[in-house]
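S.K.: First, the structure itself, so that you have it in front of you.
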């Protein structure tokens, strides 16, 4: 017959097993709830990303987003507070890694260059390659950086110390896009060209430091050029990039298939060649030279 001590031990052991069992059940339930919460939030972000990319901020309705995400409207407000909050979360999710890569690549190039300013081609490559890689359909593909453009009009093949730069191609590893490249790049292109004031305000908050870093790099390359001259050209670059990202197939249609936007290495090479020439035109310009350049006049209907 078991003693009172043995019964007490058995009770304590059973109680301990029970408490452990309850704890494990609660842990599993908590993890399931957490996973469900993450899944709901991710589904909302995925649906919003598609809607904003397809219809823009103004055209995308929350009703469409909740149907796609299989949630109710209250869930969207619970996680994001408002449509603006949802847009901000979508942009932060996609622009965050892109922003980090561009700034890190720029930092690496500047560290390698030491005291010399970066060449135009180097700055443009860091600006353009990450978003163009994101646009590639195959996340394992690589985009070749263009040659150091010894033959291009905008080439500055020697730095101020007279050191010649290699014309060899280097391969830049592509960011994994998880197969969402076309959706992401359409979103970026659409939002960049979105006229809605609130959208542009959110976008500026996400990209302000990147734009400032690239402008500073161009200023170092062209210290004698007025800021407004650099801003013109820099905005043309951003605009051309947005055009390519927003509707890449349009380029193929407009050129009758001669230009393939899916060849991101070629897109990168052509954009760098074109815009480096535009920046190179600033080199050596002084006030007298500019004064001698006749400003073109817009054609009127009467002419």
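The values are calculated or read from the model by the stated rules, or taken from the named source; none is laboratory data. What you see is a predicted model; the values in this text were computed from it and never measured. Heads up, the Cβs are rebuilt from the backbone with ideal geometry, glycines too, and the neighbour counts pull from every protein chain shown.
S.K.: Taking helices (runs of 4 or more DSSP H) that do not extend beyond the range 54-135, which have at least 3 residues that are closer than 20 Å to residue 237 by Cβ and assigned by TED's automatic domain parsing to the domain that holds residue 199? Before the answer, list the steps.
M.R.: Working: elements: 62-69, 73-80, 83-113, 120-135.
Hits in the range 54-135: 83-113, 120-135.
S.K.: For the range 243-260, state whether one or more residues are within 18 Å of residue 280 (Cβ to Cβ) and touching a residue at least 60 places away in the same chain (Cβ under 8 Å).
M.R.: Going residue by residue through the range 243-260, those that are within 18 Å of residue 280 (Cβ to Cβ) are none.
No, there is no match, as no residue in the range 243-260 is within 18 Å of residue 280 (Cβ to Cβ) and touching a residue at least 60 places away in the same chain (Cβ under 8 Å).
S.K.: Restricting to the range 184-213, name every residue that is modelled with pLDDT under 75 and either farther than 12 Å from residue 91 by Cβ or in contact with a strand residue (DSSP E or B) (Cβ under 9 Å, 6 or more places away or on another chain) (or both).
M.R.: 185, 186, 189, 193, 195, 196
S.K.: Restricting to the range 234-255, name every residue that is at pLDDT below 90 and outside any helix (DSSP H, G or I).
M.R.: Across the range 234-255, the qualifying residue is only 247.
S.K.: Can you name the residue in the range 193-204 that is surrounded by fewer than 19 Cβ atoms within 10 Å (Cβ to Cβ) and in contact (Cβ under 8 Å) with a residue 12 or more places away in the chain and, of all such residues, is nearest to residue 121 (Cα to Cα)? Working first, answer last.
M.R.: Initial filter on the range 193-204 (surrounded by fewer than 19 Cβ atoms within 10 Å (Cβ to Cβ)): 193, 195-198, 200-201, 204.
With in contact (Cβ under 8 Å) with a residue 12 or more places away in the chain added as a condition, the list becomes 193, 196, 198.
Numbers: 193: 25, 196: 33, 198: 33 Å.
The selected residue is 193.
Table: residues versus (1) out of contact with any strand residue (DSSP E or B) (no Cβ under 8 Å at 6 or more places or on another chain); (2) over 30 Å from residue 61 (Cβ atoms); (3) touching a residue at least 60 places away in the same chain (Cβ under 8 Å).
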{"position": "74", "(1), (2), (3)": "yes, no, no"}
{"position": "78", "(1), (2), (3)": "yes, no, no"}
{"position": "82", "(1), (2), (3)": "yes, no, no"}
{"position": "88", "(1), (2), (3)": "yes, no, yes"}
{"position": "91", "(1), (2), (3)": "yes, no, yes"}
{"position": "101", "(1), (2), (3)": "yes, yes, yes"}
{"position": "121", "(1), (2), (3)": "yes, yes, yes"}
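S.K.: What single numbered condition from (1) at pLDDT 80 or above; (2) assigned to a helix (DSSP H, G or I) fails to hold for residue 225?
M.R.: Here residue 225 clears every test but (2).
S.K.: Which numbered condition in (1) outside any helix (DSSP H, G or I); (2) modelled with pLDDT of 85 or more; (3) farther than 17 Å from residue 123 by Cβ is the only one that residue 265 fails?
M.R.: The single condition residue 265 does not satisfy is (1).
S.K.: Within the range 56-68, take every residue that is surrounded by fewer than 18 Cβ atoms within 10 Å (Cβ to Cβ) and in contact (Cβ under 8 Å) with a residue 60 or more places away in the chain and give me the one that is nearest to residue 193 (Cα to Cα).
M.R.: Per the criteria, the residue is 56.
S.K.: For the range 103-112, which residues satisfy the criterion of being surrounded by 15 or more Cβ atoms within 10 Å (Cβ to Cβ) and either touching a residue at least 40 places away in the same chain (Cβ under 8 Å) or under 16 Å from residue 133 (Cα atoms) (or both)? Step through it out loud before you land on a result.
M.R.: Filtering the range 103-112 for residues surrounded by 15 or more Cβ atoms within 10 Å (Cβ to Cβ) gives 103, 105-106, 109-110.
Hits for the range 103-112 are 103, 105, 106, 110.
S.K.: Right, next: So which residues in the range 216-234 are within 15 Å of residue 274 (Cβ to Cβ) and under 19 Å from the mean Cα position of the chain (by Cα)?
M.R.: 234 - this is the single residue of the range 216-234 that is within 15 Å of residue 274 (Cβ to Cβ) and under 19 Å from the mean Cα position of the chain (by Cα).
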